[in-house]
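Accompanying notes for the structure given below.
What follows is calculated from the coordinates using simple rules that are stated; it is not laboratory data. All of these numbers come straight from a predicted model, not from anything done at the bench. A quick note on method: Cβ atoms are made from the backbone with ideal geometry, for glycine too, and the neighbour counts reach across all protein chains shown.
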Amino acid sequence: MDRDATQSSNNLREGRTSLTPNQNRPPPIRRGFWAVLIFILVPLLGLIILSLFSQRRPPETGLVGGTLRACPNSPNCVSSLAESQGQRVSPLPMVGDHDKSVEMLTQVIENMPRASVVTVAGPYVHAEFQTRLLRFVDDVEFLIDSDAQVIHVRSASRSGHSDFGVNRQRVEVLRREIQSWTKPSEKETL
């Protein structure tokens, strides 16, 4: 028997192994599995936690000095009263008088998926919209301006920094829905 084989058999009998440090590591497939698992689970867990925090209604809704609040300095808010061009959207059109506009607005909101009207108080309407996947909540506020014959709108995400354009898209969907409401009444008067 040669010397290396004798040494190996003595090491095995005594419970010693002659493995090098690299041989003690798990195979590369197992390391890759854990890396992928961590890179997927950690961000997903973060999104779930953010989603849970977005369920609480913020105290920052409502009128301030008779107008909608200004958008914060983040890209997850749009408003028809915003000073920043990047956050500005056009106001929505009124339909008839104040009461008819409130009725139309609440019906349009209630007919949208994952949306509900929270507050109707005079010229002010507050609604909540939930995102489809993680159920993030966005606040959409309206101020009916009878003098200017427009409905001012502010749509803001409760959590996160960016909304990937969701609030702007929501306002445009609301605009199309309101315009579809006005077209039948125009045809009736002709």
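At full extension, residue 112 and residue 162 could sit 15.7 nm farther apart than now, given 0.36 nm per residue minus the alpha carbon distance. Each of 142, 136, 39 was scored by other Cβ atoms within 10 Å of its Cβ. Listed from fewest to most, they are 39, 136, 142. Ranked for footprinting exposure by Cβ neighbours inside 10 Å, fewest first, 168, 154, 132 give 132, 168, 154. Residue 115 sits among other residues whose Cβ lies under 12 Å from its own Cβ, and their net charge, with Lys and Arg +1 and Asp and Glu -1, is -2. Extension gain, residue 37 to residue 88: 0.36 nm times the residue separation minus the Cα-Cα distance gives 14.3 nm. Computed extension length for residue 103-residue 131: 7.6 nm, one decimal, from 0.36 nm per residue of separation with the Cα-Cα distance subtracted.
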